Every structure is written in C-alpha cells, then in structure tokens.
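Rule-based calculations on the coordinates, nothing more; no lab input. What you are looking at is a predicted structure, and each value in this text was computed from that prediction instead of being measured. Don't worry about glycine lacking a Cβ; one is built from the backbone with ideal geometry, like all the others, and counts go over all protein chains shown.
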Amino acid sequence: MDLSNVNNGVFGVSYNFDTADRLKIYVTKDSQALWYDILPRRLTYFPLQLGNGIYKVRVVKEINNTGKYSVVYSKNVALDIPDDRVVFKNSIAEIFWTPEMAAIVFAYERTNTENYEWDMVVNLYDYMVKNYKYDYDKISVVTGMVPGYVPSIEVIFPSQKLICYDYSVLFAGMLRSLDIPVKLVKGYSTYVNGYHAWNEVYNPDTDSWIVIDITVDSSYYNWNKAYNMEKDPDDYTVKYIY
C-alpha cells in the first residue's frame, strides 16, 4: 500500500500477484462503506473522501465466483487534513488522468487565456455541452459489466457520444488537472430516470459546491431547450461521492 499521498487525501494499492479471481478494495469509516474494483499488478489510487478520521482499508478477493470475499490485506489509515477540498483534485481510479493525455492538454490550452478559475469551469462546461451527445446504445452495453464499467478519459475524449458517467469523469479530470476541486457524484436526479452521475464544482466566489449536470444540459442543448449551468441540489439525491 502506498501512503505517500495520504496528505492529499488518497492512498495507493498495488496487488502484485497474478490471479483470475475478482479483486476489490473495501473501505470503511464509521458506518460508511465503499467498494472499488482493482486489477492485479497495477498501482491505483483511491480517495479518502469521508472526512478526517480512521479508515479501514481491505483488499478482498472473491471466493470461487460466489459473490463472497475473503480478506487478503487490511490496514488502518489515518486522515488529518485541514481542507478536504484537496481530496477532489487528485487523479484516482474513477477519474484517472495524466498531464500528457489529449483531454488534459486540451483543457490547459483552451483555458490558458483565462485569468479566473470559475471562467475556466464555464469555458470547459460550454465546450462539453455543445460538442457531445448522449449515447443511448452504450448505456445498454455497459450496464451490468463485470468488473464494473469505469470510463477511460483517453477513450471518451475523442468520442462524439457519452453516457452520464463519461460526461462527469471527463469534466472532473479536466478541471482537476487545472487544480480546481470537483466531485464525481453518483445517485439519482429528478431530471433522469434511473441511476445517474454528475459533478459538484467548488466556486470560490460563494465558497460553496455547485451542482453541474452536463448530461442533462447537453441533451437540452441538442433539443434546443433552455438550460442553466447551476442546478438546484434539491433535484439530486447523492449516494456516492468520489
């Protein structure tokens, strides 16, 4: 386990043994629990997004395709950081980006004349709303995938069609690369039938997190319907934050 970046609110795990069994990370803090898929022989980072305190991190392995898991490694991790916004600036398993990726280079080049952080947010939001469409075929393909589907920024950036998970991961990766705190959020919305993903972006003007749903606004744009960037949090039910 790599704890060198724990002061940034993340920890790294690398399982250095080949196995055909499904591997997961099981993270608990107080009464909250989070699960993540991992692949062997790959260092992957995961967020400590449940606030300061003691986290128990377990690497678990599925037992003979039964859906039950045995613990192969366990460690307590203490988090004590003065500002939890730093957690939402990292490259992690769900939002993996590197500086040389085309999407990240694009984000820098598109916003390098902006002098203000929120103008960068609006700039990239406007680009994504107007240049992507929802992929109704893809959602039926990725539903129920094992291990679960996680968007690759390198793959989705040049695509013309995305699903909600793609929109929110791409937006988060580009903004995080610009040192802007942004959350990937999963749950439910009055705008959408079924499970959904969107973003919350920190606005320094109001010292608050702003709900942004590019999936909805991109569809509205393509339907020639009016839309607003800032959504009412009451229209969203949060289940997980990354």
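Subtracting the Cα-Cα distance of ASP235 and ASN76 from their residue separation scaled by 0.36 nm leaves 53.6 nm. Among TRP209, TRP35, sorting on how many other beta-carbon atoms sit within 10 Å of each Cβ, with the fewest leading, yields TRP35, TRP209. Distance from the Cα centroid of segment 5-25 to that of segment 53-127 is 14 Å (rounded to whole angstrom). If you bin all the Cα-Cα distances of the chain at 10 Å, starting from zero, the percentages per bin are 7, 30, 36, 21, 5, 0. Pick from VAL105, VAL86, VAL129: which is most flexible by mean-square fluctuation in a GNM of the chain where alpha carbon atoms under 10 Å apart are linked? For the chain, modelled as a Gaussian network with Cα springs under 10 Å, the answer is VAL105. Looking at the chain as a GNM with Cα springs under 10 Å, which of TYR227, TYR188, TYR108 has the largest mean-square fluctuation? Top of the fluctuation ranking is TYR227.
Charge tally for THR66 (other residues, Cβ to Cβ under 12 Å; Lys, Arg +1; Asp, Glu -1): +1. Measuring between alpha carbons in the structure, the pairs from LYS138/LYS161; LYS130/LYS225; LYS133/LYS225; LYS56/LYS89; LYS61/LYS186 lying more than 19 angstrom apart are LYS56/LYS89; LYS61/LYS186. Summary of packing: across the peptides 158-170, 67-79, the per-residue average of other C-beta atoms within 10 Å ranks them, highest first, as 158-170, 67-79. Full extension of the chain between ASP205 and THR28 yields a length gain of 60.4 nm, computed as 0.36 nm times the residue separation minus the alpha carbon distance. Given axes a ≥ b ≥ c from the Cα gyration tensor, I'd like to know whether segment 6-89 is rounded (a/c under 1.5), prolate (a/b larger than b/c) or oblate. Cα axes put segment 6-89 in the prolate bin.
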